[in-house]
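Bear in mind these aren't lab numbers, they're just calculated from the coordinates by the rules spelled out. What you are looking at is a predicted structure, and each value in this text was computed from that prediction instead of being measured. Cβ: placed from backbone, ideal geometry, glycine included. Neighbour counts: every protein chain shown.
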Amino acid sequence: MQITEKTLMKEVLVDHLRNVLANDPQVVLLDADLAKCAGTNVLYGEFPDRCLDVGIAEANMASMAAGLSSYGFKPYISSFAPFATRRMADQIMISICYAQQNVKIIGTDPGIAAELNGGTHMALEDIGMLRSIPNILIYEPTDAMELYKALPQIHAYPYPCYVRTHRKSPALLTKESDEVNILKARVMKEGSDVTIVASGIMVETAMQAAAQLKEEGISVEVVCCPTIKPIDVETIVASAKKTGAVVTAENHNVMGALRSAVCETLSENYPVPVESVGVKEKFGEVGKVPYLRKAMNMDVEDVVGAVKAVIARK
């Protein structure tokens with residue numbers, strides 16, 4: 001598949017699913033009345049025996065996937081992020097993770113990417129909910145190229161995975177030549193004064209903030225951390241030792257996800273001052289991404305402010 005700046009993550013996902021469905025008769029796909037939104041509806045005519053829309057019954061979909069996995073199938077289940085997590089949390093905990101079933105959970109349009117669907121559809125707690133459950137990998141791609149390189153690894157990963165995808169991809173920051181390892185964070189830009197650890201759409205924001213701060217004489221290291229669990233302790237600690245201060249940036253509540261994972265890592269290995277950019281004690285609301293970034297204090301100027309605040313604490 002040719003990845004360009006216009007390639008959508010949902011197109012990458014559909015391409016991957018088409019490949020694994022064609023090459024592995026044990027792969028099955030389950031949707032919950034949102035196949036058209038996810039783009040997976042095009043696969044139903046190609047693989048009618050292994051693509052199933054269960055209707056608005058997400059918890060049942062998770063249980064079905066667990067049952068299929070127990071018989072040797074390799075299920076993918078897909079829905080909007082809040083429905084793929086909040087709506088079926090108990091089934092993920094007991095039927096999938098406790099039973100160690102090889103189910104891949106695709107949650108689309110997380111956080112402020114839900115836009116006009118509003119607060120009820122705006123998953124700002126999904127990673128925090130799932131991160132405390134054993135036996136699950138949590139991955140949020142930075143862009144379409146990174147997702148393209150990561151999906152074969154996720155498919156081969158023998159335990160449950162939650163993949164938090166944006167249907168409308170952010171800027172293409174990952175190069176075709178870049179090595180992507182789902183168990184490793186990547187240093188996108190080297191620096192010496194402060195580290196920004198970012199995930200998802202906030203990686204682009206971190207890079208923009210780093211460019212702005214360079215003009216002010218502040219050297220920023222940007223670490224892209226798509227896998228929140230298990231988090232790459234080695235890369236984060238090495239960067240913190242280098243810079244002595246850390247800012248986290250995420251499209252999620254600052255409790256329970258990237259900030260929490262980074263703070264736990266640093267407190268146990270190399271304590272340094274930390275500031276965070278993300279949603280703080282708010283529910284989502286209706287709006288387009290530019291408005292929501294400002295409403296949730298997730299814009300470039302918020303990252304710049306957090307960097308200056310954490311440097312002052314060094």
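So which lysines can residue 10 reach, going by Cα to Cα under 16 Å and dropping same-chain residues fewer than 8 places off?
The qualifying lysines are 36, 104, 149, 168.
Hey, in the GNM for the chain with a 10 angstrom Cα cutoff, which one of 72, 111, 128 fluctuates hardest?
Among 72, 111, 128, the largest mean-square fluctuation in the Gaussian network model of the chain belongs to 72.
I need to check one value: relative contact order of segment 9-165, counting alpha carbon pairs closer than 8 Å and at least 6 residues apart, in percent.
24
List the GluC sites (Glu not before Pro) within segment 215-302 that fall in a DSSP loop (any state other than H, G, I, E or B) and whose Cβ has at most 10 other Cβ atoms within 10 Å.
Those that pass, being in a loop and sparsely packed, are 215, 216, 281.
Please list, by residue number, every one of the chymotrypsin sites (Phe, Trp or Tyr not before Pro) in segment 43-140 that is coil in DSSP and has at most 16 other beta-carbon atoms within 10 Å.
Taking segment 43-140 and a limit of 16 other Cβ atoms within 10 Å, the loop chymotrypsin sites (Phe, Trp or Tyr not before Pro) found are 44, 71.
Rounded to the nearest 0.05, what FRET efficiency do residue 283 and residue 132 give with R0 = 25 Å and r taken as the Cβ-Cβ distance? Could you check?
0.75
So if I take the centroid of the Cα atoms in segment 300-314 and the same for segment 131-194, what is the distance between those two points in Å?
25
Mind putting together the pair-distance distribution for segment 199-314? All Cα pairs, 10 Å bins, whole percent per bin, short to long.
All Cα pairs, binned at 10 Å, distribute as 14, 48, 32, 6, 0 percent.
Quick one: 263, 97, fewest Cβ neighbours within 10 Å first, how do they rank?
Least to most surrounded, the residues fall as 263, 97.
Per-residue ellipticity at 222 nm for the chain, helices alone: DSSP H runs ≥ 4 residues times -39500 (n - 2.57), over residue total, nearest 500 deg cm²/dmol?
Theoretical 222 nm ellipticity from helices: -10500 deg cm²/dmol.
Please figure out what share of the DSSP beta bridges in the chain is antiparallel and state it in percent, rounded to the nearest 5.
Antiparallel bridges: around 10 percent, rounded to the nearest 5.
Setting aside same-chain residues fewer than 8 positions from residue 314, which lysines have a Cα under 20 Å from its Cα?
List returned: 214, 241, 242.
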